[in-house]
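Following: one structure in structure tokens, then a few remarks.
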Amino acid sequence: MQDLGLSHLWSQGDFVMRATAIILLIMSLLSWIVILTKAWDLIRLKKMAHGAEKRFWHSDDFDHALETLGSNDANPFRTLAIAGKEAAQHHRASQPQLHDVMDISDWLTRSLKSSIDDAVAHMQSGLAVLASVGSTAPFVGLFGTVWGIYHALIGIGASGVPTIDKVAGPVGEALIMTAFGLAVAIPAVLGYNALTRGNKSVISKLNRFAHDLHAYFVTGARVRPASTRGDDNAVRLASARQ
């Protein structure tokens with residue numbers, strides 16, 4: 001039994017067993033690279049989103065508001081604001097041609113949606129790798145186990161000594177491949193769920209920011225929260241009673 005283990009499994013395994021182990025190792029490396037890279041990107045995006053809307057809408061003018069978002073072109077909030085500004089300027093410059101075809105609201109909606117789609121595509125890039133690894137790694141490990149048990153049983157039958165101690169060792173070695181498959185799949189699934197949940201919070205803030213930008217470029221004023229509108233209505237009603 002002292003001869004059994006990972007080294008024995010590798011040395012005694014055939015091409016299929018070794019190829020399966022290498023595939024699982026590559027899948028594990030890819031998933032961890034994606035998890036660490038996208039987690040860093042998500043942390044950076046959350047720092048950009050923290051207080052971005054408040055700083056932007058408390059600025060004196062639009063140019064100063066852009067400065068509050070920084071100079072990093074990878075900031076999706078900055079990209080969204082620039083896309084809205086350029087769309088509004090383009091619509092005004094080409095109004096004689098576009099006036100009868102599309103109004104400024106529809107034009108801004110398309111431009112802002114395109115910018116959000118680009119940001120979402122960037123945030124979700126690589127998640128397909130985690131989904132693929134999480135769904136296929138257990139089956140790859142199971143394939144290695146089945147193949148290992150098959151060859152172990154053939155070897156035991158050829159030796160002519162089918163005792164329990166001769167069966168347990170090789171079969172137990174083969175089961176290690178299933179454990180490897182699960183060890184690769186579990187971090188990939190957990191990482192996928194965590195990154196997806198984090199991306200949703202950033203996307204929600206982007207959509208809210210785009211809605212306010214749309215209202216600003218169309219009406220010249222940001223959409224105020226419902227609580228603020230309720231306070232204004234209460235003030236107007238009190239004035240009317242007086």
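The values are calculated or read from the model by the stated rules, or taken from the named source; none is laboratory data. Owing to the predicted nature of the structure, the values given are computational and were not obtained by experimental measurement. For neighbour counting, all protein chains shown are included, and Cβ atoms are generated from backbone atoms with ideal geometry for every residue, glycine included.
Across segment 117-132, the qualifying residues are those that are polar (S, T, N, Q) and part of a helix (DSSP H, G or I), and the one among them that is nearest to Ala194 (Cα to Cα) is Gln124. Annotation note: of Ser114, Ser135, the sole residue that is closer than 30 Å to Ala21 by Cα and assigned to a helix (DSSP H, G or I) is Ser135. Check whether at least one residue in segment 177-194 is farther than 30 Å from His50 by Cβ, more than 19 Å from the chain's Cα centre (by Cα), in a helix (DSSP H, G or I) and modelled with pLDDT under 75, and report yes or no. For segment 177-194, residues farther than 30 Å from His50 by Cβ, more than 19 Å from the chain's Cα centre (by Cα), in a helix (DSSP H, G or I) and modelled with pLDDT under 75: absent. Could you grab me the full set of residues in segment 22-74 that are among the charged types (D, E, K, R) and more than 20 Å from Met123 (Cβ to Cβ)? Correct list: Lys54, Arg55, Asp60, Asp61, Asp63, Glu67.
Determine if segment 205-213 includes at least one residue that is over 19 Å from Ala121 (Cβ atoms) and surrounded by 15 or more Cβ atoms within 10 Å (Cβ to Cβ).
Within segment 205-213, the subset over 19 Å from Ala121 (Cβ atoms) is 208, 211-213.
Those left that are additionally surrounded by 15 or more Cβ atoms within 10 Å (Cβ to Cβ): 212-213.
Yes.
Quick check, is Ala128 surrounded by fewer than 18 Cβ atoms within 10 Å (Cβ to Cβ) and modelled with pLDDT of 90 or more? Break it down stepwise before answering.
Details: surrounded by fewer than 18 Cβ atoms within 10 Å (Cβ to Cβ): yes; modelled with pLDDT of 90 or more: yes.
Yes; evaluated as a whole, the condition is true for this residue.
The residues of segment 131-152 that are of a type in the set (A, V, I, L, M) and surrounded by fewer than 17 Cβ atoms within 10 Å (Cβ to Cβ), listed by number, are Ala131, Leu142, Val146.
Based on this model, can you work out whether Trp40 counts as crowded, with 18+ Cβ neighbours inside 10 Å and of a type in the set (Phe, Trp, Tyr)? No.
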